[in-house]
Structures are given as structure tokens and as C-alpha cells.
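The values are calculated or read from the model by the stated rules, or taken from the named source; none is laboratory data. All values reported here derive from a predicted model rather than from experimental measurement. Every residue, glycine among them, receives a Cβ derived from its backbone with ideal geometry; neighbour counts consider all protein chains shown. SASA here: full protein model, heavy atoms, side chains in, ligands and nucleic acids out. Shrake-Rupley method; radii C 1.70, N 1.55, O 1.52, S 1.80 Å.
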Amino acid sequence: EAQVTQNPRYLITVTGKKLTVTCSQNMNHEYMSWYRQDPGLGLRQIYYSMNVEVTDKGDVPEGYKVSRKEKRNFPLILESPSPNQTSLYFCASSSDSDIGPQHFGDGTRLSIL
Amino acid sequence: GESVGLHLPTLSVQEGDNSIINCAYSNSASDYFIWYKQESGKGPQFIIDIRSNMDKRQGQRVTVLLNKTVKHLSLQIAATQPGDSAVYFCAEPLWAGSGNTGKLIFGQGTTLQVKP
């Protein structure tokens, strides 16, 4: 089954404790992205990757890091999480072979205390 | 800059009625649009898309209409069911000179409430 898998689905942690949210897709997609979703602000892109070893900032990259060492994985790293990073996070992927929709994971709800 | 917006934050319809969710966009060069459905606790799910060389596209119980003259698109859901209750987003890809940037520009979303 074609899917985008995020882990963990839920996490409560404390300010300053480094965390990583993993994202994996099994569709051999070149493009992967991270979004955060906040009430009243909609979906905002954090970082995206056009292919392995190619990443770029989205609209709200501050406080986040990403890496793309393999095509299927695109982890989101919060080196020193802060309460304003409490949010619902989505990973998405798409193919570059043609215009097409992005496929989303089911989300990771992070609470930073 | 580019923007994609929905007209109404909430739409309430009776089960069995047709629903129409609207979206306006600002970039006249936009050539591809996507509708997503997001149910509570889940990620956005692709519903239907349309390219700018089309005015209308139909899926199963859903139809998307594109009016390029007024830069407006709509999602029509026939015989709305309780399972259609969700937030609906229109989105368009951001294209640069080198091609697909992988970025989607989303509207704010319309919450569809289906009354039994």
C-alpha cells in the first residue's frame, strides 16, 4: 500500500530536549515536505526536499532542521524545542514526473512543555 | 505573492443535499489545482485535481469547476453524506523556473458539517 508514515504520532516533551520526527514514503517519490498546521494559520511549509541531499527552507524553517540522506526518508529535527513549536506536523511526498498531488502522512502531534 | 483562499470557513448542509465549497486564487498563471479532504485526526487526503486546460472534472460524487476568468474554483459534492464531514482545502503547487518546487500553497480550509 502506497503510504507516508510518520513516527511518533504523539509526543509530549520538554523545552530544550532534542527530538526527531521520522517520515518514510514507499512510493519512490523525489519530493518530500514538512508542514505544520495551527488553528487559524492553516498548513505552512517548514522545509522541503527535491531529491536526495537537496533541501530548502519553506515558510517557517526557524527552529527546525531536516536531512535527506535516502530517497525514502525525510526526518524533521528539533534541536532545542520550544513551546511555540507545539503543533500538528505533516510529512508529504510527491513525484516530479508530472504535476500531481502530494500524499500526506497522518500527522504527528507535538506538545512542548 | 500567490495566495489561495476559501470563501467560507464553515458550511452546514443537510444529509442528501449537494454541497458547494468555493476557492479563489490570485495567480492567473496557475495551471493546476488540488482539493484535499482532512478528517479529524488524519492528514489531508487527495480528492480530485484539475488542470487549467479543463473547466470541469468529475469524480465519484465530486465535481470540480474551474473558472479562469474570475480565478475561482469550486468543489461540488453530490448527495452529501455524514462521512463527508471534514475540512476541505484547495491547493496549488508553486512552480519555479526549474519546475515543481514541491511546495503547495493551501487555502485556509472550509469545514463541512453534515446534519442528519
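Cross-linked pairs A:Lys17/A:Lys57; A:Lys65/B:Lys42; A:Lys18/B:Lys103; A:Lys65/B:Lys56; A:Lys17/A:Lys71; B:Lys68/B:Lys115: Cα-Cα separations exceed 31 Å for A:Lys65/B:Lys56; B:Lys68/B:Lys115. Total buried accessible area between A and B, probe 1.4 Å, nearest 100: 1800 Å².
Within a 10 angstrom radius of each residue's Cβ in A:49-55, how many Cβ atoms of other chains show up on average? Whole number is fine. That average works out to 1. Computed extension gain for B:Glu15 through B:Lys115, at 0.36 nm per residue and net of the alpha carbon distance, reaches 35.4 nm. Residues of the range B:31-74 with the amide nitrogen closer than 19 Å to a label point 7 Å from the Cα of A:Arg44, along Cα-to-Cβ, please. Answer for this model: B:44.
Of all DSSP-defined beta bridges confined to chain A, some 90% are antiparallel rather than parallel. For the range A:29-83, GluC sites (Glu not before Pro) meeting the loop criterion (DSSP other than H, G, I, E, B) and having at most 12 other Cβ atoms within 10 Å: A:Glu53, A:Glu62, A:Glu70, A:Glu79. Dividing the C-alpha radius of gyration of chain B by 2.2 N^0.38 Å, with N its residue count, gives 1.04.
Of all aspartates and glutamates in the structure, those lying under 20 Å Cα to Cα from B:Lys71, and not within fewer than 8 positions of it along the same chain, are B:Glu2, B:Asp31, B:Asp49, B:Asp55, B:Glu92. Here A:Asn84 and A:Ala2 are evaluated by their C-beta separation; at R0 = 45 Å the FRET efficiency comes out at 0.85. Note on B:Arg61 and B:Ala29: the extension gain reaches 8.7 nm, defined as 0.36 nm multiplied by sequence separation minus the Cα-Cα distance.
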